[in-house]
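Everything on this sheet refers to the single structure shown next.
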Amino acid sequence: MSRISQSKGFTLVELLVVMSIMTFLASIVITSVGAARAKGADSTIKQAMNNMRGQASLIYNDTGSFSGVCNNSDPTLASAISQVNTLSGATGQCNAVSTEWAFASALKGGGYWCVDSTNVGRSKNALGVSYTAVIPPDTGTTQAPALASVTATACN
């Protein structure tokens, strides 16, 4: 008489292989979702900063000066600046004088964005070089900052 073994179920090795494949696929999905979230945050940051230009123009039309753009006197601009700072996880640099203004901030996914009173909204300087900082570091290294100094009122 021969014995016939009928096993119902999976072996431990089969289960471990399936679990490792599922873990690998889950890690790919989680990485993709994280990148998509950063891109979504960057898009929101850019949109908020671009909307600041219109609000700053309204301030200029009402007062004849951009001086109030950065001092939180306008609740709409103050809200936009707060939203950008929260989403980017960094404090943006806002500079204004009576005739011009500029605001630059880091993006969540890397890089920087700058807007100013000349209707500029960009991530690269006029030469096409991507911004490497909001303002130049004090270390004397050559970089491509969005603003030339802590008091600059135009994007580079």
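Of all the criteria given as (1) modelled with pLDDT under 85; (2) over 17 Å from the mean Cα position of the chain (by Cα); (3) surrounded by 15 or more Cβ atoms within 10 Å (Cβ to Cβ), the one not satisfied by Ala146 is (2).
Would you pick out the residues in region 109-122 that are closer than 26 Å to Asn71 by Cβ and either in contact (Cβ under 8 Å) with a residue 40 or more places away in the chain or not hydrophobic (A, V, I, L, M, F, W, C) (or both)? Tyr112, Trp113, Cys114, Val115, Asp116, Ser117, Thr118, Asn119, Gly121, Arg122 - these are the residues of region 109-122 that are closer than 26 Å to Asn71 by Cβ and either in contact (Cβ under 8 Å) with a residue 40 or more places away in the chain or not hydrophobic (A, V, I, L, M, F, W, C) (or both). Does Ser27 satisfy the condition of being more than 30 Å from Thr118 (Cα to Cα), among the small types (Gly, Ala, Ser), surrounded by 10 or more Cβ atoms within 10 Å (Cβ to Cβ) and modelled with pLDDT under 90? Against the criterion (more than 30 Å from Thr118 (Cα to Cα), among the small types (Gly, Ala, Ser), surrounded by 10 or more Cβ atoms within 10 Å (Cβ to Cβ) and modelled with pLDDT under 90), Ser27 qualifies. Of everything listed in (1) surrounded by fewer than 12 Cβ atoms within 10 Å (Cβ to Cβ); (2) modelled with pLDDT of 90 or more, the single unmet condition for Ser57 is (1). The one condition from (1) assigned to a helix (DSSP H, G or I); (2) closer than 27 Å to Ala133 by Cβ; (3) without any contact (Cβ under 8 Å) to a residue 60 or more places away in the chain; (4) hydrophobic (A, V, I, L, M, F, W, C) that Cys70 does not meet is (1).
Of the strands (runs of 3 or more DSSP E) lying entirely inside region 92-131, those containing at least 3 residues that are in contact with a helix residue (DSSP H, G or I) (Cβ under 7 Å, 6 or more places away or on another chain) span 101-106.
Please indicate, with yes or no, whether at least one residue in region 113-122 is surrounded by 15 or more Cβ atoms within 10 Å (Cβ to Cβ), in contact with a strand residue (DSSP E or B) (Cβ under 8 Å, 6 or more places away or on another chain), of a type outside the set (Val, Ile, Thr) and farther than 25 Å from Asn61 by Cβ. No, that holds for no residue.
If you filter region 73-91 down to residues that are out of contact with any Lys or Arg (no Cβ under 6 Å at 6 or more places or on another chain), among the hydroxyl-bearing types (Ser, Thr, Tyr) and not in a loop (DSSP other than H, G, I, E, B), you find that the one that is surrounded by the fewest Cβ atoms within 10 Å (Cβ to Cβ) is Thr86.
The values are calculated or read from the model by the stated rules, or taken from the named source; none is laboratory data. Quick caveat: nothing in here was measured; it's all calculated off a predicted structure. Because the Cβ atoms are built from the backbone with ideal geometry, glycine has one as well, and the counts that use them run over all protein chains shown.
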